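Shown next, in structure tokens, is the structure this report addresses.
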Amino acid sequence: MAEKLQSLRGMVDLLPTETPLWQWVEATARDQFRRAGVLEIRTPVLEATPLFARGIGEATDVVGKEMYTFADRSDRSCTLRPEGTASVVRAAIQHGLLSQGPHRLWYGGPMFRYERPQAGRQRQFHQIGVEFLGFDSARADVEAIALAWDLLQGLGVGGLTLELNSLGTVDDRARYRQQLVAFLEDHRQRLDPDSLDRLERNPLRILDSKHPDTQALLAEAPTLSQALSSESQQRFEQVQCGLAALEIPFQLNARLVRGLDYYCHTAFELTSSQLGAQATVCGGGRYDGLVELLGGPPTPSIGWALGMERLVLLLAQSEASGAAQPQPDVYVVNRGSAAEAAALVLARGLRQQGLSVELDAGGSAFGKQFKRADRSGAGWAVVLGDEEMERGVLRLKPLRDPAAEERTLDLGDWTAVVALVRP
């Protein structure tokens with residue numbers, strides 16, 4: 001007996017009942033970015049592995065445990081992209097975009113990480129992200145954050161909270177790293193195993209630990225804000241003043257970090273309490289060192305990404321969603337060999353006139369076809385049968401408006417059909 005073929009674990013099909021919500025989110029984001037002068041960039045799903053090993057960091061769980069990496073037929077190490085920023089930066093360097101001035105870019109598409117699937121997180125997941133390349137002012141940080149805030153509010157995400165922190169400069173962070181490591185070394189016995197491992201490789205990531213004992217210990221630890229230089233503090237205050245001027249509320253979170261050295265200054269997350277517990281929907285920060293790390297010129301940059309699966313999960317619980325199943329303008333009911341041939345020509349002609357048309361191709365009795373027409377949500381049915389073909393006409397029957405009247409029109413008078421369906 002042949003093996004039953006199914007999708008791989010963590011690789012989820014999006015069925016026609018689900019895609020309208022996804023399409024609505026994507027269309028809303030696309031329109032928001034267009035109005036903000038943010039241009040789309042599309043990068044390959046498959047990249048050379050060193051891009052992510054260098055860009056994300058070999059000491060991270062993503063590179064060490066979660067990437068889908070394999071050797072191709074030329075024995076090159078290739079990886080399905082686990083995130084979008086490194087690919088965008090690689091493309092900007094490769095094609096000389098950075099020599100043309102600053103760029104506001106956005107991307108969208110699938111990413112891949114091998115981790116335990118759960119609600120809102122799959123092994124193939126989707127992101128929409130924004131990268132501002134070549135912008136060094138605090139005002140750019142505010143603009144990028146406002147773009148994310150306005151998009152999520154425009155989509156109707158409820159219970160939004162903006163959490164904000166400053167990572168300072170490389171020197172600030174090095175100074176803090178020494179303070180944090182010294183504190184944690186004095187309390188090694190209270191750290192969970194993962195945090196002990198990170199203490200050697202990437203101690204700032206310990207601040208992300210969800211282990212309750214480690215969290216209790218971190219409440220006593222020094223904070224990064226205490227290690228910021230006066231220049232870094234001043235810049236962070238400018239970001240806060242900019243957000244206040246835009247009336248975007250925020251909370252300071254001294255434990256919010258990015259564990260890689262190329263991150264600096266502003267770090268932020270947008271969370272929602274719409275499903276009860278706080279869930280991160282969007283995260284981002286400034287990464288002034290990444291472009292140079294990947295072989296480009298020193299380029300100040302800031303970006304963010306939101307997870308589509310978690311966002312769609314939130315929106316599916318909300319009545320604010322503007323997504324709806326697409327409904328045809330016209331449903332073509334047809335029966336008989338001559339009527340079926342004419343119906344195909346008619347449906348194509350009406351589509352070319354701008355109408356959305358669903359053609360019944362089942363050949364079943366008129367009663368069944370009318371039931372399907374009603375379920376489709378169409379406002380009108382075009383009826384073609386033997387009688388209509390003999391007379392060279394079609395019947396246009398209203399399905400939703402009780403005040404509308406049925407009309408009989410010449411079979412080739414598509415313009416009249418359009419005028420009645422879309423007056």
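Taken together, the values in this text are just the output of simple stated rules run on the coordinates, not laboratory data. Not measured: the values here are computed from a predicted model. Neighbour counts are summed over all protein chains in view; Cβ atoms, including those assigned to glycine, are modelled from backbone coordinates with ideal geometry.
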Can you give the extra length, in nm with one decimal, that the chain gains between Ala146 and Leu409 once fully stretched, where that is 0.36 nm per residue apart less the Cα-Cα distance?
-> 89.3 nm
Run the quick spin-label model on Arg188 and Ala419: label points 7 Å from Cα toward the beta carbon, then report their separation in nm to one decimal.
-> 8.8
State the extension gain, in nm to one decimal, for the chain segment bounded by Gln100 and Leu39, taking 0.36 nm per residue of separation less the distance between their alpha-carbons.
-> 20.5 nm
To the nearest 20 debye, what charge dipole does the stretch 202-336 have about its Cα centre, counting +1 at the Cβ of each Lys and Arg and -1 at the Cβ of each Asp and Glu?
-> 280
Which GluC sites (Glu not before Pro) does the stretch 364-416 hold that lie in a coil by DSSP with at most 13 other beta carbons within 10 Å?
-> Glu405, Glu406
Any idea what the dipole of the chain comes to, in debye rounded to 20, about its Cα centre with Lys/Arg Cβ at +1 and Asp/Glu Cβ at -1?
-> 480
Gain in span if fully extended, Arg400 to Gln352, counting 0.36 nm per residue against the direct Cα distance = 14.9 nm
Pairing the Cα long axis of helix 230-245 with the longest principal axis of the chain, what angle in degrees results, from 0 to 90 and rounded to the nearest 10?
-> 30
Regarding the stretch 93-225, what is the average projected area of its C-alpha convex hull, in nm²?
-> 11.6
Cβ-based charge dipole, the chain, positive-most Cα from Leu246, Pro20, Ser166 | Pro20
Label model pair Gln23, Met11: point-to-point distance (7 angstrom along the Cα→beta-carbon line) in nm is 2.5
HN-Hα couplings for the stretch 405-416 via Karplus (6.51, -1.76, 1.60; θ = phi - 60°), in whole Hz with x for Gly/Pro, come out as 10, 5, 10, 10, 10, 4, 4, x, 8, 5, 4, 5
Given Cβ charges of +1 for Lys and Arg and -1 for Asp and Glu, the option among Pro50, Leu313, Val38 whose Cα lies farthest towards the positive end of the dipole of the chain is Pro50
Of the beta bridges DSSP finds with both residues in the stretch 247-404, what % are antiparallel, to the nearest 5?
-> 65
In nm, to one decimal, how far is the modelled label at Glu292 from the one at Glu387, with both set 7 Å along Cα→Cβ?
-> 8.2
Take the chain, connect every pair of alpha-carbon atoms lying under 10 Å apart with a spring to form a Gaussian network, then pick out the residue of Leu207, Leu355, Leu290 with the largest mean-square fluctuation.
-> Leu355
Enumerate by residue number the GluC sites (Glu not before Pro) in the stretch 1-102 meeting two conditions: DSSP loop (anything except H, G, I, E, B), and at most 15 other Cβ atoms within 10 Å of the site's Cβ.
-> Glu3, Glu18, Glu58
Which whole-number percentage describes the relative contact order of the stretch 171-234, with Cα contacts under 8 Å and a sequence gap of 6 or more?
-> 44
Nearest-5 percent of antiparallel DSSP beta bridges in the stretch 282-359?
-> 60
Out of the DSSP beta bridges found with both residues in the chain, what percent are antiparallel (nearest 5)?
-> 80
For the chain, longest principal axis from Cα atoms; helix 170-185 axis from its Cα atoms; angle between them, nearest 10 degrees, is 70
Can you give the FRET efficiency for Leu196 and Glu231, using 1/(1 + (r/R0)^6), R0 = 45 Å, r = Cβ-Cβ distance, to the nearest 0.05?
-> 0.85
Taking 161-171, 221-231 and ranking on average Cβ neighbours within 10 Å, highest first, one gets 161-171, 221-231
How large is the charge dipole for the stretch 375-415, taken about the Cα centre, if only the Cβ atoms of Lys, Arg (+1) and Asp, Glu (-1) carry charge, to the nearest 20 debye?
-> 280
Highest GNM mean-square fluctuation among Leu21, Leu97, Leu394, for the chain with Cα springs under 10 Å, belongs to Leu394
In terms of Cα to Cα distance under 19 Å, which lysines are near enough to Lys65, apart from those fewer than 8 places away along the same chain?
-> Lys210
Go ahead and set up a Gaussian network model of the chain, Cα springs under 10 Å, then flag whichever of Leu243, Leu256, Leu411 fluctuates most.
-> Leu411
10 Å Cβ shell holding at most 11 others, DSSP loop, trypsin sites (Lys or Arg not before Pro): longest site-free stretch of the chain = 211-399
